[in-house]
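Heads up, the thing below is written out as structure tokens.
Every read-out reported here was derived from the displayed coordinates using simple, explicitly stated rules and does not represent laboratory data. Note that the structure is predicted; figures quoted are calculated from it, not measured. Every residue, glycine among them, receives a Cβ derived from its backbone with ideal geometry; neighbour counts consider all protein chains shown.
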Amino acid sequence: MRVGWYSTGAALSILFLFPLLWGGYESFQGQAGSGQETGFGFGNYTAMAEYGEGIATYLRNTAAVSLMTVVGTLVVSALGGYAFARFRFPGKEILFLATLAILMVPYATILIPLYVVLGELGLQNSLVGLSLVLIMFQLPFAIFMMRNSFEAVPRELEEAALVDGCTRFGAFVRVVIPNAAPGLLATFVYAFLFAWDELLFATALTEQDAETIPIGIRNFIGNYNEEYDQLMAAGVVSTIPVLIAFFATQRWLVKGLTAGAVKG
Amino acid sequence: MLYAAPTAAIVVVFFLVPLVVVFWMSANRWRILGSPTFNFPDNYTKIPDNQLFLDSVSFTLKYTAITTVLLSGIALALALSVQNSRPGVGLFRTAYFLPGVVGFAAASLLFYAFYTQSGPLDDLLIDLGIADEPINWLGTPNAALFSTIGMVIWRFAGFNMLILLTGLQAIPLDVYEAARSDGASRWQTFRYITLPLLRPTIALMLVLSITGSLLAFDQFFILTRGGPDGTTVSMVMVIFREGFTRFDLGSAAAISVLLLIVLVLLNVVQLRVLGRNR
């Protein structure tokens, strides 16, 4: 019974992990026509680095979009989540509903008008414009998460800080934020994974010099066809950051999620 | 309130305004260049003549149905197999979930290489004696559909398993103990305890899977590129194509509005069903 369970589990794990391991292995294999004909080495990586504008351009754009999206999402949702958790203000209910409504509206259906709106704002073909759109899509989850995290922080902690002479904003930054760290971390990781991989809006809203890694991958496939070892090098380079983000935060991720869910 | 101002600004400018604009655009002849002219309801009346869109609707529905059935069945089996804590169970959960962290683009790339004709998958199947000759994984409409579904299941099975796991772990242990002391078999326990108590979680998983599949884009844009012969073009790909290949933003907006209304209604119905089960 127990042996059966372990061997089934191991077989399934291999099935799920095999494509990743295989891709990593192939990326170091030599290939005819690349810088490295045989054996083990970095030939595929150097070929990728020199292909077209170079994979570095795509990576830089993706890193910039991800950074802006993550920082923007954290700042906006921390402030907004705090407002929803602690204050009463006119329009509070409507704003909260409008934010959650983003989940109800299929994201792809506002692609066309967003293209026009960004054009009016002079943000077409701009990484900043793309990031603002991605922040908007992250807000329902992030606001919900942050509001619940802040509600779980005892009010007494804040009041003590206020008595000690902190300003309201000072108490927010020094006392409330550190106590909501798991929620912030979960928000951070989800925003990062989302921004790193977003394809539809990145394709529609950017051109040549602002293209991100998912677009780069599509271009690579179109141009490389059969030489999949080099494609694998691109895959590895674009996957390492998300794997690092996942493993570095895995432990808190589940905690943050359940904390958010329990309070819901 | 100052704290809520950034949220309000982003929600209004990048969500509420576009939501209004899409309706207005759908009522205009709106090309990428030149000024728009009001032409309601032309963009709508030409939808039934848009063969590409009609094909994409039936294709997307087919894809959604097959994916949802397979994905939820596999996710349920995985979740049941790792629901009890034993030594090593965490490793299995992580292994099943890990493909979900990999981006859709990178996953498509990986499977594109896998599916190369006479590539690694063909070699493996021929070595094992399962296949006699190389298979054209992406070459025929059905092969392309199922090859894509294979990738999607690989990537999302673990994620759906995790959703189900949260539901499974919310079932109190004493319910199982009571069933066991009443002499219930394993199948009876599953059929009359686990399944009914898990129903809200299963419903949530189905909603996510259905909505996600109806909006499929990445997998067909990268892995099959809509091919062969435009047989794997999803609905969102048609919106993209109307807007950015044919530069007819008015027509793209009209299709968007149609999808928007249908999917919002579907969401409302699904949420009703979910709410009733709670």
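So which trypsin sites (Lys or Arg not before Pro) in the stretch A:47-150 are both in a DSSP loop and have at most 12 other Cβ atoms within 10 Å of their Cβ?
A:88
What is the stretch B:148-256's relative contact order, in percent, from Cα pairs under 8 angstrom and six or more apart in sequence?
Reported relative contact order: 21 percent.
Projecting each Cα onto the charge dipole of the stretch B:164-268 (Lys/Arg +1, Asp/Glu -1 at the beta carbon, about the Cα centre), which of B:197, B:217, B:249 comes out farthest on the positive side?
B:197
From the residues A:21, A:108, A:47, which one has its Cα farthest along the dipole of the stretch A:11-110 in the positive direction, the dipole being from +1 and -1 charges on Cβ of Lys/Arg and Asp/Glu about the Cα centre?
A:108
At a temperature of 4 °C and a viscosity of 1.567 mPa s, determine how fast chain B diffuses translationally according to Stokes-Einstein, using the Kirkwood radius over alpha-carbon pairs as Rh; express D in µm²/s, rounded to the nearest whole number.
Taking Rh from Cα pairs, D becomes 59 µm²/s.
From the phi of every residue in the stretch B:33-42, what ³J(HN,Hα) in whole Hz does the Karplus formula 6.51 cos²θ - 1.76 cosθ + 1.60 yield, where θ is phi - 60° and glycine or proline is x?
Ordered by residue, 3J(HN,Hα) equals 10, x, 8, x, 10, 5, 9, 3, x, 3 Hz.
Dipole size in debye (nearest 20) for the protein assembly as shown around its Cα centre, Lys and Arg Cβ +1, Asp and Glu Cβ -1?
Taking the Cα centre of the protein assembly as shown as origin, the dipole is about 2200 debye.
Output needed: percent of Cα pairs per 5 Å distance bin for chain A, bins running from 0 to the one holding the longest distance.
Cα pair-distance distribution for chain A, in percent: 1, 5, 10, 12, 14, 13, 12, 11, 8, 6, 4, 2, 1, 0, 0.
Kindly rank B:140-152, A:126-138, A:238-250 from highest to lowest mean number of other beta carbons found within 10 Å of each residue.
A:126-138, B:140-152, A:238-250
If you count, for every residue in A:10-23, the Cβ atoms of partner chains within 10 Å of its Cβ, what is the mean?
6
If neighbour count is taken as other Cβ atoms inside 10 Å, put A:107, B:112, A:115, B:44 in order from fewest to most.
By the 10 Å Cβ count, ascending, the order reads B:44, A:107, A:115, B:112.
The protein assembly as shown: D in µm²/s via Stokes-Einstein (Kirkwood Rh, Cα pairs, 20 °C, 1.002 mPa s)?
For the chosen part, D equals 85 µm²/s.
What per residue convex hull volume, in Å³, comes out for the stretch B:233-278 when only alpha-carbon positions are used?
In the stretch B:233-278, the Cα hull volume divided by residue count equals 61 Å³.
What net charge is computed for the residues neighbouring residue A:107, neighbours being all others with C-beta under 15 Å from the C-beta of residue A:107, Lys and Arg scored +1, Asp and Glu -1?
So the environment of residue A:107 carries a net charge of -3.
Could you pull out every residue, at least 5 positions away or on a different chain, whose amide H is within less than 5 Å of the one on residue B:28? Hs are placed 1.01 Å off N in the peptide plane, and Pro or chain starts have none.
B:39
Can you pull the semi-axes for the stretch B:133-240, root of five times each eigenvalue of the Cα gyration tensor, sorted largest first, whole Å?
The answer is 40, 16, 10 Å, longest axis first.
Quote the charge dipole size of the stretch B:76-222 about the Cα centre in Debye, to the nearest 20; the model charges only the Cβ of Lys and Arg (+1) and of Asp and Glu (-1).
Using Cβ point charges on Lys, Arg, Asp and Glu, the stretch B:76-222 gives about 640 debye.
I want the local charge near residue B:155. Using Cβ-Cβ distances under 14 Å, sum +1 for each Lys or Arg and -1 for each Asp or Glu among the other residues.
Local net charge: -2.
Charges only on Cβ, +1 for Lys and Arg, -1 for Asp and Glu: so what's the dipole of chain B about the Cα centre, in debye to the nearest 20?
920 debye
With 10 angstrom as the radius, rank A:143, B:10 by how many other C-beta atoms surround their C-beta, starting from the fewest.
Going from sparsest to densest Cβ surroundings: B:10, A:143.
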